[in-house]
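Reviewing the structure listed below.
The values are calculated or read from the model by the stated rules, or taken from the named source; none is laboratory data. Since the structure is predicted, the reported quantities are computational estimates derived from the model, not experimental observations. Using ideal geometry, Cβ is built from the backbone for each residue, glycine included, and neighbour counts are taken over all protein chains shown. Heads up: the accessible areas ignore ligands, DNA and RNA and are worked out on the full protein's heavy atoms, side chains in. Shrake-Rupley method; radii C 1.70, N 1.55, O 1.52, S 1.80 Å.
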Amino acid sequence: MNWKKSTIGEVLSVIKNGINCEQSKNPTPFKITRIETISKKVFDFERVGYADLTDIEQKKSKLILGDILFSHINSPIHVGKTAIYEGEEDIYHGINLLLLRTIKDVNPHFFNLFLNNLFNTGYWEKNCKKSVNQASVNQKDISKVPFDYPDLETQILIVRKMEALSNEINNAKESTQRQLNNLNVLSNSLLSHAVSGKLI
């Protein structure tokens, strides 16, 4: 299988920061992303800000299906976290998160798998620029990272396989957690019986 050698910058049609506007915790029709919105590497629509946006600001910052947000200013252990927008509800791109939009030859889900792996290896924690209370990476740092990818059909097959395996892993985790909970109940029951003499 031939994989094309490239860089992150070469496979992005858009890389930009979010709109800089006044945010509020008081609900308005326009939800806007904050750093916390993607802290768990998924979009958390409960951890957002709100803003009054003009028509121009809405058009400029509204996310579209497949957009990826990248945490480029954060504490070192969180720099490089990403989340992919699935279009669940309207949301607008706020400052302090970079928007990454892939070219048509690169599936955004495949690209996000690559970014997740990059984060998990500690790449950004090792390569970010650190200051007293936060760390950062800039667009140039991100754009020059090597990125190799196969044809689009293979990318989609990999994404589907990964999704299926992830579901199996999550099911196994849930099953294991239920077993642990049951063992804890049993352990507590045995302890109660032991101190009351009921084990004898």
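Quick check on the chain: helices-only [θ] at 222 nm, where DSSP H runs of length 4 and up contribute -39,500 (n - 2.57) each and the sum goes over total residues. Nearest 500, please.
For the chain, the value works out to -12000 deg cm²/dmol.
To the nearest 10 degrees, how steep is helix 152-195 against the longest Cα principal axis of the chain, on a 0 to 90 scale?
30 degrees
Is region 1-55 best put as rounded, prolate or oblate by its Cα gyration tensor, with a ≥ b ≥ c the root eigenvalues, rounded for a/c under 1.5, and otherwise prolate when a/b is larger than b/c, oblate when not?
prolate
Output the pairs from Lys60/Lys140; Lys62/Lys126; Lys40/Lys130; Lys25/Lys59; Lys5/Lys81; Lys4/Lys104 with a Cα-Cα distance over 25 Å in this structure; if there are none, say none.
Pairs exceeding the cut-off: Lys62/Lys126.
So what is the accessible area of the chain per residue, in Å², with the probe set to 1.4 Å?
Averaged over the residues of the chain, the accessible area is 62 Å².
I'd like to know which of Leu63, Pro27, Leu53 lies farthest towards the positive end of the charge dipole of region 1-65, counting +1 on Cβ of Lys and Arg and -1 on Cβ of Asp and Glu.
Most positive-ward Cα: Leu63.
For Glu10, what charge total do you get from the other residues with a beta carbon under 14 Å from its beta carbon, if Lys and Arg give +1 and Asp and Glu give -1?
Net local charge, Glu10 excluded: +4.
Restricting things to alpha carbons, tell me how big the chain is in terms of Rg and Dmax, in Å.
21.7, 77
How big is the charge dipole of region 49-200 about its Cα centre, in debye rounded to the nearest 20, if each Lys and Arg gets +1 on its Cβ and each Asp and Glu gets -1 on its Cβ?
640 debye
Treat each spin label as a single point 7 Å out from the Cα along the C-beta direction, and report the Asn26 to Leu190 distance in nm.
Result for the modelled spin labels: 5.8 nm.
Compute the long axis of helix 108-120 from its Cα atoms, compare it with the longest principal axis of the Cα atoms of the chain, and write down the angle in degrees, 0 to 90, nearest 10.
Once rounded, one gets 60 degrees.
Identify, among Leu98, Thr176, Asn116, the residue whose Cα sits farthest towards the positive end of the charge dipole of region 86-200, taking +1 on the Cβ of Lys and Arg and -1 on the Cβ of Asp and Glu, with the dipole about the Cα centre.
Of the listed residues, the answer is Thr176.
Of Lys25, Lys173, Lys62, which has the most accessible area with a 1.4 Å probe, and how do the rest follow in descending order?
Lys25, Lys173, Lys62
Where a ≥ b ≥ c are the square roots of the eigenvalues of the C-alpha gyration tensor, would you call region 53-125 rounded, which needs a/c under 1.5, or, failing that, prolate if a/b is larger than b/c, or oblate?
oblate
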